[in-house]
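Some notes on the structure that comes next.
The values are calculated or read from the model by the stated rules, or taken from the named source; none is laboratory data. Because the structure is a prediction, the values reported are computed rather than measured. No Cβ is skipped: glycine too gets one built from the backbone with ideal geometry, and neighbour counts run over all protein chains shown.
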Amino acid sequence: MKGYLWAAVCGIVECFIGAWLIGAPWFLGIQSGGRWLTATPAFVWTGTALVVLGLIAAIAFIVAAFREQARRLRSGTAAAAEAAPAVHGADRFDGTPGAQTGSVASPARDLPGAASVSQRELVQLARQVLDELKADRHTTSG
């Protein structure tokens, strides 16, 4: 992304250099009016070419940067949705195997929001797991 922006900045700098070349014969006092000297058309046409190419480059790289950013946002959203899909029905978990009957939700619907499981339910589930581990440890050790 930074490469695109640096290239766009270079295109804009190229425009300023071209503008300087267009005006240089008058800024430097080489051309003072009347008929153009032999070098004046070379300054003007070279400067015009640099301005046009600089504008094309700057616009192209800015458009490319926006497209890259949009692609990253789209792929980041899809990757986040695939990595952690929301599970509905987790509130019906009673501790027995196969009791969780929820279905995987569509990522587009549940990605921005919070999960359907509340923090209190997660704490209760963690306490149940700890109690079962303690009970299992007591039965195996004694």
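Below are the figures for this structure:
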{"quantity": "Every pair of residues 6+ apart whose Cβ atoms lie under 8 Å, when the first sits in region 14-29 and is over 16 Å from VAL51 (Cα atoms) while the second is aliphatic (A, V, I, L, M)", "calculated": "PRO25/LEU37; PRO25/ALA39; PRO25/VAL44"}
{"quantity": "Residue ID - surrounded by the fewest Cβ atoms within 10 Å (Cβ to Cβ), chosen from residues in region 1-25 that are farther than 30 Å from GLU68 by Cβ and either of a type in the set (Gly, Ala, Ser) or at pLDDT below 90 (or both)", "calculated": "GLY23"}
{"quantity": "Among the candidates ALA57, ALA114, residue that is in a helix (DSSP H, G or I) and either closer than 30 Å to LYS2 by Cβ or modelled with pLDDT under 80 (or both)", "calculated": "ALA57"}
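The rows are residues; the columns are (1) assigned to a loop (DSSP other than H, G, I, E, B); (2) touching a helix residue (DSSP H, G or I) at 6+ places or on another chain (Cβ under 7 Å).
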residue: TRP6; (1), (2): no, no
residue: GLY11; (1), (2): no, yes
residue: ILE17; (1), (2): no, yes
residue: PRO25; (1), (2): no, yes
residue: SER32; (1), (2): yes, no
residue: PHE43; (1), (2): no, yes
residue: THR46; (1), (2): no, yes
